[in-house]
Amino acid sequence: MKKLISKSIIIFLLCYAVGQQAYTQVLEDYNPNWTEGERETWFSSNDRLILDLDLDNFPLAYFSFEFPDHSVVFLGEKLWFFTDQDTAFTARVGELKKEFSRDQVNLTVFKNGISSDNASVKKILKIESSDLSMIEEGFLSEKRKIDRQGIRDFFIIGLFVSLLLIALYKLAYPFIFAMMIKPISLLNAEDFSGSGSLQRFFSLDILFYVFIVNMLLSLMMVTGFVVFRHEWLEARLELNFTTLLILWIAGAFFLLLLTIFKFTAIKTMSYLFDLGKLEFPHFFYLLRLVVISTITLIVVCLFFLLNEFSQIKMALELSFAGFFWIYILGILALFLIMVNRLGFKKYHLFTYLCIAELVPFLILAKLVLDLGH
């Protein structure tokens, strides 16, 4: 009892000395004491952080907690809560001791790929009730260290270079550009008319167009990685303007090679299923859908980058989900067009589209989803 009274008096005197100042005094920093869960294999990532909290000393003080998004937090053997987004809050030490009736309790945080830099626990003297939002904002900006202006500069420069190449392409190949960009062709399906307007994939005009499309896709991919997997990238690369540009250009060339491989696979499947020259209208129909969807993604991303950066993660989640369903609907529309215009058997076309489009796209989407989380 004497020990409790003496500590309470110390807390009271310190609170009085601090007065109405805006800062908080840290009594104990637990961050160096985090224990990371052992990796089961060399290639698996850490999935938990473990920490022992002292509930005996300074019962009138507060614990300041900061946890990353999508974390599962246990206190003792009890499931405490799940964080849907980055979370920062405080809890009085005495209240936790009253809840668990012990001098020490084990705190465990579960999240795939988590490290000791992603979470924070401190025992503090005082917290201003009006400063909760300030603490959470500090956690989002300082803990994650996302350079907002750097991302904006990279995205705007990348978009400017892409638009410049698009303008040059329009001057050099106005007919192909007009044919590949108009949305009405998704409805009238003019590529399936039998005229065969695009029959030379491995030509400079088509490859240049495909490369520009992949530049736009790579721009969105790099931006999405920075927003969703900032800590993962920062642990492996020095994230600056030059690095983001290198990732963007390298990603564009990688997507170009992937696109060439996809067209070759579609051509091979078309030959095996005896569908004639179907690979050209098939590929360019979905490519046109990708172009229109990617432009919409870029417009949404640009708006939130420049106006509502705090909502960029939610906006990109919804946009990428929309892109996924639009592509699925595009495959369904492609199936209906082929059945109505080309007269092939339905099960024949269904098997062809599942092997050539649906299954590879779902596998790729699952890989991207796992990497994003």
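Tabulated results
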quantity	calculated
For segment 148-372: relative contact order, % (alpha-carbon pairs under 8 angstrom, 6 or more apart)	25 percent
Whole-number D in µm² s⁻¹ for segment 148-372, Kirkwood Cα-pair radius fed into Stokes-Einstein, 4 °C, 1.567 mPa s	69 µm²/s
When each of Lys78/Lys366; Lys97/Lys123; Lys98/Lys123 is checked by Cα-Cα distance, pairs over 20 Å	Lys78/Lys366
Residues Leu272 and Asp52, FRET efficiency given R0 of 51 Å [Cβ-Cβ distance, rounded to 0.05]	0.25
Gyration tensor (Cα) of segment 238-357, equivalent ellipsoid semi-axes in angstrom	34, 18, 10
Nonlocal amide H pairs with Leu55, under 5 Å, H built at 1.01 Å	Gln104, Val105
Where Cα atoms sit under 21 Å apart: lysine pairs in segment 190-346 separated by 8 or more or lying on different chains	6
Stretchable slack from Leu168 to Phe324, in nm (0.36 nm times residue separation minus alpha-carbon distance)	53.2 nm
Per-peptide average of other Cβ atoms within 10 Å, ordering 69-82, 150-163 highest first	150-163, 69-82
Among 253-261, 232-240, the order from most to least packed when residues are scored by Cβ within 10 Å on average	253-261, 232-240
Theoretical gain in end-to-end length, Asp29 to Asn106 [0.36 nm per residue, Cα-Cα removed]	26.1 nm
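Only the coordinates and a few stated rules stand behind these numbers; no lab work does. Bear in mind the structure is a predicted one, so any value in this text is a computation, not a measurement. As a convention, Cβ positions derive from the backbone with ideal geometry for all residues, glycine included, and neighbour counts pool all protein chains shown.
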